[in-house]
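First up is the structure itself, then whatever we jot down about it.
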Amino acid sequence: GLVEAPLRGYVAAFLDGIWLRAPYLHNGSVPTLRDLLEPAARRPSSFYRGNDIIDRDKVGWVADVAREPDRPFFRFDTRLPGNGNGGHEGAAYGTELPDADKDAIVEYMKTF
């Protein structure tokens, strides 16, 4: 029979439904795909998690609302240990692109 070798290294997730997988990075420290295309210094330093309303422009969940009438949302602070949103920046990650190109990438990612 066929014997499969164990997986080694990092296994990248499929892009299907990427618009539904926010927040981004390994620790959920970036609320939207559009924010991920910004250098770390320009990404939100805090935002709210737990909303179930899609941010259709930036691709993620609405993250700037602290609460709905019936429930509060969790405030995620990237300045706390383990919550950092740094890295994944530079030319290879698209953070140096003009805003129009970043917007075009986000529009493309909506098709997955």
Run the accessible area of the range 1-61 with a 1.4 Å probe and give the carbon-and-sulfur part as a rounded percent.
58
Residue among Leu33, Ala91, Val65 farthest towards the positive dipole end of the chain, charges placed on Cβ:
Val65
Can you put His26, His88 in order of accessible area, largest first, using a 1.4 Å probe?
His26, His88
As a test of the formula, what do you get for the chain when each DSSP H run with n ≥ 4 contributes -39,500 (n - 2.57) and the sum is divided by the residue count, at 222 nm and rounded to the nearest 500 deg cm²/dmol?
-3500 deg cm²/dmol
Between rounded, prolate and oblate, where does the range 44-89 land on the alpha carbon gyration tensor, with a ≥ b ≥ c its root eigenvalues, rounded for a/c under 1.5, else prolate if a/b exceeds b/c?
oblate
Of all the C-alpha pairs in the chain, what % are more than 21 Å from each other?
43
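Please compute the per residue accessible area over the chain with all protein chains in place, 1.4 Å probe, rounded to a whole number of Å².
I get 68 Å² per residue for the chain.
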Cβ-derived FRET efficiency at R0 30 Å, Arg8 paired with Arg75, nearest 0.05:
0.20
The chain: most fluctuating residue of Gly82, Gly60, Gly94 per GNM, C-alpha cutoff 10 Å
Gly82
With angles folded into 0 to 90 degrees, how steeply does helix 99-109 sit against the dominant principal axis of the chain? Use alpha carbons for both and round to 10.
60
Cα gyration tensor shape for the range 60-112, rounded if a/c is under 1.5, else prolate or oblate
oblate
So if I take the centroid of the Cα atoms in the range 4-33 and the same for the range 58-99, what is the distance between those two points in Å?
15
Treating only Lys and Arg (+1) and Asp and Glu (-1) as charged, each at its beta carbon, one finds that the range 34-112 has a dipole about its Cα centre, in Debye to the nearest 20, of 300
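The values are calculated or read from the model by the stated rules, or taken from the named source; none is laboratory data. The structure displayed is predicted, hence computed values, not measured ones. All Cβ positions, even for glycine, are placed from backbone atoms using ideal geometry, and neighbour counts span all protein chains on display. Accessible surface is based on the protein model in full, side chains and every heavy atom, while ligands, DNA and RNA are left aside. Shrake-Rupley method; radii C 1.70, N 1.55, O 1.52, S 1.80 Å.
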